[in-house]
Amino acid sequence: MSNRDFDLLLSASIRNGGLSQEQIARILEFKLFGNPSGYLLLDGTAIGEIPSTPASRSELRKPDDTSERLLLQATALLGEPIGYVQESGGAIVNNFFPQQMQSRAATSDSFDTELDLHTENAFHAIQPDYLLLLCLRQDPAAEAITYIASVDRILERLSYEQQAFLLNEPYNFFSDYGASEKNQRIDINKHQTVLYGDPDAPFFRFDPHFMVAYSERAQRALDTLRGVAWEVVEPVRLSRGDLLIIDNRRTAHARSPFTAHFDGNDRWMQRTFATCNLRFYTERLGKASRIFELVTEL
Ligand SMILES: [Fe+2]
């Protein structure tokens, strides 16, 4: 989709996205005040006509754009919609469904990359502030569960010393972005702490499979944190029309495995990212864009 076509769709979404006043209020409340769970679930939104789940990206056709408008209206309430070159070729609305060809490769489309708790793009200097997941079709066996662990819940279970350690100890966050694709493991010299920002109400970034500890103590702290995060997760089972909004600076998320049959009835999700700092990024990068390549420093 060209930039102009996207802007037209975004404009139509803002004017006619389908969210009720009450839903708009809940999204703005969540943005401005947050909540201890780190996520907001709007259930049963109107998403229009959903064709059979495609078997591959090349078969993706979706004439009714009701779901895209709803998702983009919600995204625009939270910030600016952004995309990444390495995620679905820079598309702002990403479609996820099982693909037979890729079922064993570890990409966003496969069944198993999302299985452990992680913050989205924790290594990236332009991290999404929010991640929005709209369920177009639940998997027929309703096996898929999304898990969310919030920093508020995690901190309740960590001692002052453990919190101080995670505020001060840098880990090396590897990138999973190559030149054009995901699923790499690249050292980009990105040393950063797990907790950051205001020590009394810190932000949180976490991706244990892509983090390297500098000491045994740091590795133990990471293992402990991973265990605690799994202890406090809240499970969410998404069905048709459910919109899940995740605060990506205060949570980690994961998904359970689920079965795919490649018969048109498989699970189908749409996803967007929102940032609250686009003008700052434009200033630092000297370029205005919604679509980013790998940015390691600003
Ligand atoms: Fe994810």
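The values are calculated or read from the model by the stated rules, or taken from the named source; none is laboratory data. No experiment lies behind these values; they were computed from the predicted model shown. Every residue, glycine as well, gets a Cβ built from its backbone with ideal geometry; the counts of neighbours run over all protein chains shown.
Quick notes on this one:
- The one condition in (1) surrounded by 17 or more Cβ atoms within 10 Å (Cβ to Cβ); (2) touching a helix residue (DSSP H, G or I) at 6+ places or on another chain (Cβ under 8 Å); (3) within 29 Å of GLY79 (Cβ to Cβ) that ALA221 fails to fulfil: (3)
- Take the conditions (1) in contact with an Asp or Glu (Cβ under 6 Å, 6 or more places away or on another chain); (2) modelled with pLDDT under 85; PHE97 misses just one of them, which is (2).
- Residue within the range 151-171 that is within 16 Å of the ligand (Cβ to nearest atom), buried (at least 21 other Cβ atoms within 10 Å of the Cβ) and not in a helix (DSSP H, G or I) present: no
- Spans of strands (runs of 3 or more DSSP E) in the range 25-108 with at least 3 residues within 13 Å of LEU136 (Cα to Cα): 94-96
- Residue within the range 286-295 that is in contact with a Gly (Cβ under 7 Å, 6 or more places away or on another chain), more than 23 Å from ASN3 (Cα to Cα) and part of a loop (DSSP other than H, G, I, E, B) present: no
- Filter result for the condition that a residue is among the acidic types (Asp, Glu) and at pLDDT below 95, over GLU29, GLU49, GLU59: GLU59
- Selection count where residues are surrounded by 12 or more Cβ atoms within 10 Å (Cβ to Cβ), within 21 Å of the chain's Cα centre (by Cα) and on the phi < 0 side of the Ramachandran plot, scope the range 20-59: 18
- Verdict on GLU181 being modelled with pLDDT of 95 or more, in a loop (DSSP other than H, G, I, E, B) and either within 16 Å of the ligand (Cβ to nearest atom) or not small (Gly, Ala, Ser) (or both): no
- THR113 fulfils the conditions (1) at pLDDT below 95; (2) more than 16 Å from the ligand (Cβ to nearest atom); (3) of a type in the set (S, T, N, Q) except for a single criterion, (2).
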